[in-house]
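This report refers to the structure that appears directly beneath it.
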Amino acid sequence: MKRTSPKIGGYGALLAAALLLAGPAQAELTMTQRATLIEPRAVKLRMLLLQQKTSPPAIEKDADEALQRAEEFWRSGQSFQALVALGVLQKYAPMAELPFIKVQLLLAAIAQNERNNELTSHHRAWAQALVKAINTSGNGTSEQSAYRLVLANELAGWVLAQSDTHTLVGQQTLEKNGRKYTVVQLKSTDGASRRVYFEVMNKPAVPRKSAAPAAPRAPQTLHTAPLGSLASTAPR
């Protein structure tokens, strides 16, 4: 019997169909070209996380827990169950476009194991586009030009994405002028070291709604109170 699950929504079949409609040229794109095409969408979905009713720490918790469960299934050879575990994150974006670097890298590994080259390339390009979205927010060389993170756990995804060329050798948190930064020390394969600064964005404040005009009051029969006490008490 063929396995199906409403939680993953058949995203693989839908994505494959969309790629077929895109024509042979899609398959000829390099990973960098794919990521460049995806980047505007990746930027939009990252920023939309800050507009969710769910708080950023709660989104991080959801993503971390789903990823942990999915990785456990993946390590035990249960790819389908890993997809189901990640399916709970579709409340933030479609499965094929989840704006979490480590999730996209895991989806790429699952697709590669299934020998689905197109899906593998898609998810790797998404991970690269999400990393690029962080990289374009600054240059990471100082507090003033720190890379901006939407969620604190994006840092782990960013570091993982560098693992082919860099090794994490240290990490610290510092506070300056009332702002907190995370500084990571990386060592490249040629032995060069560099410090990279990150700062988590603050969630934008939700604009307050204007208070509704006070409803007309019925005529008072007694006027024993001062006039000022009759002002509207509607919440502001």
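The values are calculated or read from the model by the stated rules, or taken from the named source; none is laboratory data. Remember, predicted model here, so these are calculated numbers, not experimental data. Cβ placement follows ideal geometry from the backbone for every residue including glycine, while neighbour counts extend to all protein chains displayed. For accessibility, only protein heavy atoms count, side chains too; no ligands or nucleic acids. Shrake-Rupley method; radii C 1.70, N 1.55, O 1.52, S 1.80 Å.
Assorted remarks:
- Count of the range 58-77 residues which are open to solvent by 70 Å² or more (accessible area, probe 1.4 Å) and in contact (Cβ under 8 Å) with a residue 60 or more places away in the chain: 1
- Taking first residues from the range 134-149 that are touching a residue at least 12 places away in the same chain (Cβ under 8 Å) and partners that are basic (Lys, Arg) and part of a loop (DSSP other than H, G, I, E, B), no Cβ contact under 9 Å between residues at least 6 apart in sequence or on separate chains turns up.
- Among (1) touching a residue at least 12 places away in the same chain (Cβ under 8 Å); (2) open to solvent by 50 Å² or more (accessible area, probe 1.4 Å) - the single one PRO99 does not satisfy: (2)
- Test: residue in the range 159-166 that is of a type in the set (D, E, K, R) and free of Cβ contacts under 8 Å to residues at least 60 places away in the same chain: yes
- If you check ALA111, ALA133, ALA146 for being in contact with a Ser or Thr (Cβ under 7 Å, 6 or more places away or on another chain), among the aliphatic types (A, V, I, L, M) and crowded, with 19+ Cβ neighbours inside 10 Å, only one passes: ALA111.
- Filter result for THR36 (among the hydroxyl-bearing types (Ser, Thr, Tyr), open to solvent by 70 Å² or more (accessible area, probe 1.4 Å), assigned to a helix (DSSP H, G or I) and at negative phi): no
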